[in-house]
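S.K.: Right, I'll just put the structure down here and ask away after.
Nothing in this text is a laboratory measurement; each read-out follows from the coordinates by a stated rule. As the structure is a computational prediction, the values presented were derived from the model and not from experiment. So basically every Cβ, Gly included, is an ideal-geometry build from the backbone, and we count neighbours across all protein chains shown.
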Amino acid sequence: MKVKRLKEQLDIWFNDDDEIIVWTWEKEYFENYGDTKRTITNEQWQRIVDVADGMDCSETNQAIDNIVDDIIKGNE
C-alpha cells in the first residue's frame, strides 16, 4: 500500500488523538532481515506487497486478542 493511501484512510477512519496499533514493513527491512543480505528490485517488491496485502491476518488478530484478554484479566 502506498503511504499516501494509508494516510488518506487513517484520516477518514480515525481522529488525530485516537490510539491504534499499526505494523508496517518496508523493503529495506527484508533486505537486511536474517543472516543473508538480499537485494529486492522495485518490481519484486511490488509483487511482494500485492501478495502480502491479500494475506489472512486472523492469526495476528487472535494473538492481539489474547493480549487484550490477558491485560483485562490482570495477567499481563
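S.K.: Here is a list of conditions, (1) of a type in the set (A, V, I, L, M); (2) loosely packed, with under 11 Cβ neighbours inside 10 Å; (3) in a helix (DSSP H, G or I), and ILE20 meets all of them except one; can you say which number that is?
M.R.: So the condition that ILE20 fails would be (3).
S.K.: Is it fair to say VAL51 is without any contact (Cβ under 8 Å) to a residue 12 or more places away in the chain, in a helix (DSSP H, G or I), exposed (fewer than 11 other Cβ atoms within 10 Å of the Cβ) and under 17 Å from the mean Cα position of the chain (by Cα)?
M.R.: Taking the combined requirement at face value, the residue satisfies it.
S.K.: Just checking, does segment 35-44 include any residue being among the aliphatic types (A, V, I, L, M), assigned to a helix (DSSP H, G or I) and surrounded by 11 or more Cβ atoms within 10 Å (Cβ to Cβ)?
M.R.: no
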